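Heads up, the thing below is written out as structure tokens.
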Amino acid sequence: MTTSTAADARFAAARQVADAVLLEGYVLYPYRASAAKNRMRWQFGVLVPPAWGPAHGEHAFQRTEVLMEPKGDATLALELRFLHAQRRTVQQALAGGGFTDVDELHLCDRVLVPWDEGAEERVELSVPVSGLAGDGIRVPFARPARDDVEDVRGADGRTAGRLVRRTEAIEGVLRLRAVELDGAYRVFRLTAVVENTSPWTPADGSGADREAALPRSLVAAHLLLGLDSGSFLSMTDPPEWAREAVAACENRHTWPVLAGEAGRADVVLSSPIILEDHPAIAPESAGAMYDATEIDEILALRTAALTDQEKREARGTDARAAAVIDLADSLPPEVLERLHGAVRSLREATGPDGPRQISEVPDEEAVFRPDTPWWDPAGTADPARDRDRVTVEGAPVGPGSRVVLRPGPRRTDAQDLFLHGRTAQVEAVLHDVDGGVHLAVTVEDDPGADIRREQGRFLYFQPDEVTLPEDA
């Protein structure tokens, strides 16, 4: 077993997504420590000390199991990555010398406040697959406690205060084992367990809570696994012959997916966040905003609109928050325009002759429109009387009518496909400003139909996506 001293090139493409996993939710808009959403920190991949976790519904370990097909004398490279929380307090310089703890220290460009920073930690190793047979290997690791002090100077160059960072000791262990499976193919089940073994125990009657456990935890823990020769099998879309073996794999508190460049299968990212195979960061993203579930354009615009005082508070919260503020303030118009959206590809639709690719976005057929819209003065119908009815197969359909859902390929998504052939009740006939007609429906036998009616949360179909039931 050897320890890697440089970043493995095979992990380069996967590391961008791994970085997003590592820092997801690290600091959220409006990027100030005082914001309510930034007071509950780090929900993903937190491995707490074993003496604290079980009693509080959190976990001290992650277990990853994947299938791999190593070739020859293949070597497995591994990176365990996590954040180590370090508690930062703020002290103000006293006129007579010395320092005192304060809740805020105002400087010309920022407002410093107490905060938990996250320092990236890695455990790297490289081991022959043959060395993982039998009981496998056990790799303990530890990070010592330490105190760091950083002086803070004011605009006049004098010491205005200091930041005191306290890092608690943590201990952990990484266990690796590979077992060759019976069958026609040379396939191994790789098991990788990451465990927090820190001996810290809350003192009796101390009232220690999650805030006390976090500095002794592995935060946002995840694994990068790579083979120098061979490949991994997809755990979400395995070949037919491997489905039973994949189903027998036990993954606890983590989700392994193929990572790196599309078309390759030599890297796996085992993440506490559910991802698809070969996840990627949108190329339009100008930088990390620590909220991958949000839209970059919205975050950038709202961040740029913060007041100067809010920006000072954000800059004093964390260096990463300060970088977001600077990024939002410096985005040129052409980059901001690129965040507005991009078409990657057009979705596949299924027609009578099997799958086909839509070559252009439907225009006139995209929305059902009657021959004469209800608002057209040339129409003969009385809008006040007939607006809540629409004709389906020659019969009027309105609130209370029963219909059979027949979604077609033109506008169908996965949810619609599950409802194909189901009978539903029409709750309302809706007209949009462009003359389109939409049916709001609830599915019969849906146990939540009454709640949907109370809350006005319906499913929507167009009149040409429904038919009348045979008993109508």
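The residues listed here are Val66, Val17; of these, the one that is open to solvent by less than 30 Å² (accessible area, probe 1.4 Å), part of a helix (DSSP H, G or I) and modelled with pLDDT of 90 or more is Val17.
Under the condition of being among the aromatic types (Phe, Trp, Tyr) and open to solvent by less than 90 Å² (accessible area, probe 1.4 Å), the residues counted in the stretch 446-460 number 1. Just to be sure I understand the filter: pairs with C-beta atoms under 8 Å, separated by 6 or more residues or on different chains, first member in the stretch 243-268 and more than 26 Å from Asp182 (Cβ to Cβ), second member crowded, with 19+ Cβ neighbours inside 10 Å and of a type in the set (Asp, Glu). Which pairs pass? Taking only residues 6 or more apart or on different chains, the pairs are Gly260/Asp266.
Scanning the stretch 279-295 for residues that are over 23 Å from Ser34 (Cβ atoms) and open to solvent by less than 50 Å² (accessible area, probe 1.4 Å) yields a count of 6.
Taken together, the residues in the stretch 170-206 that are part of a loop (DSSP other than H, G, I, E, B) and under 29 Å from the mean Cα position of the chain (by Cα) amount to 2. Among the residues of the stretch 129-138, just one is at pLDDT 95 or above and either open to solvent by 60 Å² or more (accessible area, probe 1.4 Å) or of a type in the set (S, T, N, Q) (or both), namely Arg138.
Residues in the stretch 92-99: is at least one within 29 Å of Arg122 (Cβ to Cβ) and not in a strand (DSSP E or B)? Within the stretch 92-99 (the criterion being within 29 Å of Arg122 (Cβ to Cβ) and not in a strand (DSSP E or B)), the answer is no, since none of the residues qualifies.
Residues in the stretch 35-50 that are over 20 Å from His222 (Cβ atoms) and either open to solvent by 60 Å² or more (accessible area, probe 1.4 Å) or modelled with pLDDT of 90 or more (or both): 4 in all.
Pairing residues of the stretch 82-98 that are in contact (Cβ under 8 Å) with a residue 12 or more places away in the chain with residues that are assigned to a loop (DSSP other than H, G, I, E, B) and β-branched (Val, Ile, Thr), at Cβ distances under 8 Å and at least 6 apart in sequence or on separate chains, gives Val90/Val113.
You will find that of Phe82, Phe99, Phe141, the residue that is open to solvent by 30 Å² or more (accessible area, probe 1.4 Å) and among the aromatic types (Phe, Trp, Tyr) is Phe99 and no other.
Taking the stretch 68-85 only, how many residues are more than 24 Å from the chain's Cα centre (by Cα) and on the phi < 0 side of the Ramachandran plot?
Number satisfying all stated conditions: 9.
Counting the residues of the stretch 101-114 that are part of a strand (DSSP E or B) and touching a strand residue (DSSP E or B) at 6+ places or on another chain (Cβ under 6 Å) gives 4. Pairing residues of the stretch 459-472 that are free of Cβ contacts under 8 Å to residues at least 60 places away in the same chain and more than 21 Å from Ala449 (Cα to Cα) with residues that are surrounded by fewer than 21 Cβ atoms within 10 Å (Cβ to Cβ) and not β-branched (Val, Ile, Thr), at Cβ distances under 9 Å and at least 6 apart in sequence or on separate chains, gives Asp471/Arg402. Restricting to the stretch 296-323, and then to whatever is part of a loop (DSSP other than H, G, I, E, B) and without any contact (Cβ under 8 Å) to a residue 12 or more places away in the chain, can you tell me which residue is farthest from Ser34 (Cα to Cα)? Once the filter is applied, the top-ranked residue is Ala305. Summed over the stretch 144-164, residues that are within 23 Å of Pro215 (Cα to Cα) and crowded, with 17+ Cβ neighbours inside 10 Å total 3. Taken together, the residues in the stretch 395-420 that are part of a loop (DSSP other than H, G, I, E, B) and either closer than 13 Å to Gln462 by Cβ or at pLDDT below 90 (or both) amount to 10. Scanning the stretch 104-139 for residues being of a type in the set (Val, Ile, Thr) and out of contact with any helix residue (DSSP H, G or I) (no Cβ under 9 Å at 6 or more places or on another chain) gives a total of 4.
The values are calculated or read from the model by the stated rules, or taken from the named source; none is laboratory data. Model, not experiment: these values are computed from the prediction. Using ideal geometry, Cβ is built from the backbone for each residue, glycine included, and neighbour counts are taken over all protein chains shown. The area values use the complete protein model at the heavy-atom level, side chains included, leaving out ligands, DNA and RNA. Shrake-Rupley method; radii C 1.70, N 1.55, O 1.52, S 1.80 Å.
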